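> First the structure, then my questions, so here it is.
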Protein chains: 2
Amino acid sequence: MQIHTTIAAMQKASAATRRSGQTLGFVPTMGAIHQGHLSLVRAARAQCDVVAASIFVNPLQFAPTEDLDRYPRPFEQDVALLRSEGVEHLFAPTPQEMYPAGATTFVEVAGLSERLDGASRPGHFRGVATVVSKLFHIVQPTAAFFGQKDAAQLAVLRALVRDQNFPIRIIGCPIVREPDGLAMSSRNRFLSPSERAAALTLSRALHDVAVLPNATPDRLRTFLIEAIRQAPSLRLDYAEIVDPETLLPAQDLNRPTLVAIAAWSGATRLIDNAILAPVTNVAAEEPELCHHV
Amino acid sequence: MQIHTTIAAMQKASAATRRSGQTLGFVPTMGAIHQGHLSLVRAARAQCDVVAASIFVNPLQFAPTEDLDRYPRPFEQDVALLRSEGVEHLFAPTPQEMYPAGATTFVEVAGLSERLDGASRPGHFRGVATVVSKLFHIVQPTAAFFGQKDAAQLAVLRALVRDQNFPIRIIGCPIVREPDGLAMSSRNRFLSPSERAAALTLSRALHDVAVLPNATPDRLRTFLIEAIRQAPSLRLDYAEIVDPETLLPAQDLNRPTLVAIAAWSGATRLIDNAILAPVTNVAAEEPELCHHV
């Protein structure tokens, strides 16, 4: 695995890959690699000739009050994990390399960026869209792989690629869970045993809500809010029943619907979600294959 | 010359060009092609294997009060001129193709976009940065050629490419003038004979200011304002003495300095500028060769 710490070196390697006629699959990460990230690497491996990953904790997507400084950075472990998956290129720049003094360009997906996590974290998705746009220009992939766990991020990035005509396929991949159902997250390592136990409420509520009788968007939402309320150590951020593309509130359940939840367990903010199939079918399992948009 | 009206067709043609190992020079225009545009085509021809141009009157860079509807669109003439220069690819999309319903992504170069023309035309450079970013993803050029006449636009686009790490060289090319000095512009055709005579004040003032004795930024600016005032049919928009990269006011004339002027002649807004070399040298002529950044 080649590790590139400069933009110029990564661009050179990407250009050589593309010139050779090979397809390039890209997995952008903030490091603290877990099985969710590795599932993206494997999807990229299955669909592309060459795989590139990036590790960059993007300061632009953290508010001053958020956990930028304590975000985990186990770089050597991450490198070993990516190497064991046969990743050919790792782009791991410093913040100074990505945002030199004087950089002032922002990319914003208006509307979508103010919904779900964007409502709780003003400016977050502007930071995400700006850095992903930069990474796309640096890595120049054929396809980029993102986890469905960050459902709002996925919607924002699909809109970015569509509106800005990036010649790149965005591929969303299923949530990977611990055996007890907790969605994998780099932030799970912050949870104390009791916080982790409480955190299971999210995945359990999403499991239960999918089989609720006489379901309507309002009933689903009320159910989720009540489920979080019954775990007194959790603090709800949002529970939303929305269209997975627009992130606007669902009017009914006659099409695939995103059921998304965010809550604080102690000082750690957790998110989880499920896509519900129309009520005329059985409740949807997550798709087994990554799907394109 | 192949004319592509869809994004998909242009992306396919660009990808084929790049895959073949050829370099691709790109000249984005709003049409109403004049000798200034053709000088950009010739610079692209001299420096690249294949040349692509675009014609798109970008609604996003016009305010509701501006001249979007009356902007000239002599498409057949434009096609003939570009064809006569041997342009291989013309991208000419409709507004609906570029901005389908629901598109909400914007690219903004903060700071720079509020200076010079950006101060007079709020939102203008957001529209420019957004469409040029899209065009870069669609045409995927090796290098893109822009006229120095739009000096603030050039500064914004250089910052865009630098901040967003586009793998594209931006090449600024000298202003092309009519024999009497008027800077070529698609909007010159709107000028009545008396408005055109008054418009010459801009290029004459820029000529005279370059040889002003005991020059300071303040004296240059005062001179330009007075020159415009003496042409009663002109209305000054701005006269600025600035750093060509940051567009911030020049503190002295010890480095190359952008002297930029905008004024209304009747209902037509005109811009012109010159780069002054440091006062220790002779006043700069415009460079004969396009220069990279």
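> When chain A is turned about an axis onto chain B, which of its residues keeps its C-beta closest to that axis, and how many Å is it?
Whole-Å result, nearest residue of chain A to the axis: A:V107, 3.
> Could you give the distance between the Cα centres of segment A:1-79 and segment B:18-80, to the whole Å?
Going from one Cα centre to the other spans 36 Å.
> Based on the alpha-carbon gyration tensor of segment A:2-173 and its eigenvalue square roots a ≥ b ≥ c, which shape applies: rounded if a/c is under 1.5, prolate if not and a/b is larger than b/c, or oblate?
Rounded.
> Next question. What are the distances, in nm and sorted shortest first, from the label point of B:E226 to the label points of the same position in each other copy, with each label point placed 7 Å from Cα along the Cα-to-Cβ direction?
From this label point to the equivalent ones elsewhere in the assembly: 8.2 nm.
> Would you mind computing, in nm to one decimal, how far apart the modelled labels at B:Q35 and B:R204 are, each placed 7 Å from Cα along Cα→Cβ?
Simple spin-label model gives 2.0 nm for this pair.
> Just to confirm a number: summing +1 for Lys and Arg and -1 for Asp and Glu over residues other than B:A143 whose beta-carbon lies under 15 angstrom from that of B:A143, what do you get?
Overall, the nearby charge balance is +4.
> Using unit Cβ charges (K, R positive; D, E negative) and no other charged atoms, how large, in debye to the nearest 20, is the dipole of chain B about its Cα centre?
Charge dipole of chain B: 480 debye, to the nearest 20.
> How high is the relative contact order of segment A:186-282? Use alpha-carbon pairs under 8 Å, at least six apart in sequence, and give a whole percent.
Once normalised by length, the contact order is 28 percent.
> Using alpha-carbon pairs under 8 Å, 6+ residues apart, how would you state the relative contact order of chain A in percent?
It rounds to 18 percent for chain A.
> If I fit a long axis through the Cα atoms of helix A:124-139 and take the longest principal axis of the Cα atoms of chain A, what angle between them do I get, 0 to 90°, rounded to 10?
Once rounded, one gets 30 degrees.
> Now, a different point. Just grab the label-to-label distance for B:A46 and A:Q22, each label 7 Å out from Cα along the Cβ direction, in nm (one decimal).
According to this spin-label approximation, the distance is 3.9 nm.
> Here's a follow-up. Taking square-rooted eigenvalues a ≥ b ≥ c of the alpha carbon gyration tensor, is segment A:186-282 rounded, prolate or oblate, where a/c under 1.5 means rounded and, failing that, a/b exceeding b/c means prolate?
prolate
> Beta carbons within 10 angstrom, averaged per residue: use that to sort the peptides B:156-165, A:84-93, A:245-254, highest first.
The densest-packed peptide leads the list: B:156-165, A:84-93, A:245-254.
> Within the accessible area of segment B:2-173, what % is carbon and sulfur when the probe is 1.4 Å and the other protein chains stay in place?
About 54 percent, which is the carbon plus sulfur part of the accessible surface.
> Quick one: with label points 7 Å out along Cα→Cβ, list the inter-copy distances for A:P213 in nm, shortest first?
Listed shortest first, these distances are 10.0 nm.
> Hey, how much of the P(r) for chain B falls beyond 23 Å, as a percent of Cα pairs?
The share of Cα pairs beyond 23 Å in chain B comes to 55 percent.
> Under 1.5 on a/c is rounded, so check that first for the protein assembly as shown, then, if it is not, pick prolate when a/b is larger than b/c and oblate when it is not; a ≥ b ≥ c are the square roots of the alpha carbon gyration tensor eigenvalues.
Since a/c reaches 1.5 and a/b is larger than b/c, the shape of the protein assembly as shown is classed as prolate.
> Something else: Only Cα pairs under 8 Å and at least 6 apart count here; give the relative contact order of segment B:2-173 as a rounded whole percent.
About 30 percent, as a whole number.
> Now, a different point. Largest first, what is the accessible-area ranking of B:D150, B:D272 with a 1.4 Å probe?
Sorted by accessible area, descending: B:D150, B:D272.
> Now for a different question. Kindly rank B:188-201, A:31-44 from highest to lowest mean number of other beta carbons found within 10 Å of each residue.
Peptide ranking by packing, descending: A:31-44, B:188-201.
> Would you mind estimating how fast segment B:98-244 diffuses translationally, via Stokes-Einstein at 37 °C and 0.692 mPa s with the Kirkwood radius over Cα pairs, in µm²/s?
In µm²/s, the coefficient rounds to 188.
> Could you state how much accessible area is buried at the A-B interface, both sides summed, with a 1.4 Å probe, in Å² to the nearest 100?
2100
> Top mean-square fluctuation among A:G123, A:G21, A:G266, Gaussian network model of chain A, C-alpha springs under 10 Å?
In this elastic network of chain A, the residue with the biggest mean-square fluctuation among A:G123, A:G21, A:G266 is A:G21.
> So, with +1 on the Cβ of K and R and -1 on the Cβ of D and E, and no other charges, what is the size of the charge dipole of segment B:2-173 about its Cα centre, to the nearest 20 debye?
Roughly 440 debye for segment B:2-173.
> Using only the alpha-carbon atoms, how far is helix B:217-229 inclined from the longest principal axis of chain B? Give it as 0 to 90 degrees, nearest 10.
The answer is roughly 90 degrees.
> Residue separation times 0.36 nm, minus the C-alpha to C-alpha distance between B:D252 and B:Q77: what's the value?
The span from B:D252 to B:Q77 would gain 58.5 nm if fully extended.
> Provide the per residue accessible area, probe 1.4 Å, for the protein assembly as shown, rounded to a whole number of square angstrom.
Ligands and nucleic acids excluded, the result is 43 Å² per residue.
> Run through the DSSP bridge list for the protein assembly as shown and note the antiparallel percent, rounded to the nearest 5.
Restricted to the protein assembly as shown, the bridges split so that about 55 percent are antiparallel.
> Could you tell me the accessible area of A:S186 in Å² (1.4 Å probe, neighbours in place), rounded to the nearest ten?
Surface accessible to solvent at A:S186 totals approximately 10 Å².
> Report the charge-dipole magnitude of segment B:186-285 in Debye, nearest 20, computed about the Cα centre from +1 at each Lys and Arg Cβ and -1 at each Asp and Glu Cβ.
The dipole of segment B:186-285 has a size of about 400 debye.
> Something else now. Provide the net charge surrounding A:G21, with neighbours chosen by a C-beta distance below 10 Å and charges set as Lys +1, Arg +1, Asp -1, Glu -1.
Net charge in that neighbourhood comes out at +2.
> Could you work out how far helix B:35-47 tilts from the main Cα principal axis of chain B, as a 0 to 90 degree angle to the nearest 10?
60
> For label points placed 7 Å from Cα toward Cβ, what is the shortest-first list of nm distances from B:S84 to its copies?
6.8
> Alpha carbon centre of segment B:121-158 versus segment A:102-126: separation in Å?
Each part's Cα centre sits 22 Å from the other's.
> Antiparallel versus total DSSP beta bridges in chain B: what percent is that, nearest 5?
Close to 50 percent.
> Of the candidates B:A53, B:A277, B:A239, which one comes out as most mobile in a Gaussian network treatment of chain B with C-alpha springs shorter than 10 Å?
Result for chain B, Cα springs under 10 Å: B:A277 fluctuates most.
The values are calculated or read from the model by the stated rules, or taken from the named source; none is laboratory data. Since this is a predicted model, take the numbers as computed values, not measurements. Cβ: placed from backbone, ideal geometry, glycine included. Neighbour counts: every protein chain shown. The accessibility values were calculated without ligands, DNA or RNA, using every heavy atom of the protein model including side chains. Shrake-Rupley method; radii C 1.70, N 1.55, O 1.52, S 1.80 Å.
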